[in-house]
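Here, each number is a calculation from the coordinates, and none is a lab measurement. All of these numbers come straight from a predicted model, not from anything done at the bench. Positions of Cβ are backbone-derived with ideal geometry, glycine not excepted, and every protein chain shown enters the neighbour counts.
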Amino acid sequence: MEKNKIQESIEGQKLFSKVTKSSVDKARNVIQQYSNKRQEKEGEYK
Amino acid sequence: MSEYTKRVYSETFAILQLLQEEFMNKIPENLIEILKTEKDDNYIVNINPNIPLEEQDLDPDTISLLAMLKVDYWCEDENEKNELLEIFNKNEEEEQENLREQYNPDDLFKEKTSKIEDEQLIQYKESGIKKFLNKLFSFISRK
């Protein structure tokens, strides 16, 4: 796939220039919590 | 999972699909699976691959999620990662400072105290005027 503007944004820093530490932590926590829940459920089914 | 989060995942997943495969390959499979299965399939995402993401109307939480992916999986080296973390920390400090300025309980107390002081000053001035008038009347009535 050819490099597009989306990719350039991801590779650069401008897109992230207003991001705060707490918002990144929050995004990570939500994913982590959901991942844990899924693992628990999978454990129940096994 | 809230509807809002599902929409954020839709937006993020749509962006991931516009990236080169190597970006997807660097993310753990279970994380992609969560985005894929939990996204809102009815939510229509409009991402234009010809316009930089910073110029598109992305949800701030989508940008934060992309920032998380960047720091955790996409940074080329530790320097790049640390530079980003520094930006996030600086922004955090600025935001906290702004919040402190907006909702500082000390300032609210100061405002209340100065109001009370103003009221007391008005009362004091009024009592001073009353005393003066009383003296004036008693002086006139004596004559």
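Tabulated values for the structure
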quantity	calculated
Pairwise label distance in nanometres, residue B:57 with residue B:85, each label 7 Å out on the Cα-Cβ vector	3.6 nm
Nearby lysines by direct alpha-carbon distance to residue B:81 (threshold 23 angstrom, same-chain neighbours under 8 apart not counted)	A:3, A:5, A:14, A:18, A:21, A:26, B:26, B:70, B:90
Nearest 10 degrees, 0 to 90: helix A:21-45 Cα axis against chain A principal axis	30 degrees
Among B:58, B:18, B:133, residue whose mean-square fluctuation peaks in a GNM of chain B (springs only between Cα atoms under 10 Å)	B:133
At R0 = 41 Å, FRET efficiency that the Cβ-Cβ distance of residue B:42 and residue B:115 yields, to 0.05	0.20
Cβ neighbours within 10 Å from other chains - mean over B:66-77	4
Highest-fluctuation residue, B:26, B:36, B:125 considered, GNM on chain B with Cα pairs under 10 Å	B:125
If the convex hull is drawn through the Cα atoms of the protein assembly as shown, its volume per residue in Å³	222 Å³
Residues residue B:104 and residue B:27, FRET efficiency given R0 of 45 Å [Cβ-Cβ distance, rounded to 0.05]	0.65
Zone of residue A:3's modelled label, taken as backbone nitrogen in the range B:2-31 under 19 Å from a point 7 Å along Cα→Cβ	B:16-26
Extreme residue, positive dipole direction of the range B:62-143, given options B:64, B:141, B:123 (C-beta unit charges)	B:141
In degrees, nearest ten, helix B:105-142 long axis to first principal axis of chain B (Cα)	10 degrees
Efficiency of FRET between residue A:33 and residue B:93 - r from beta-carbon atoms, R0 25 angstrom, step 0.05	0.45
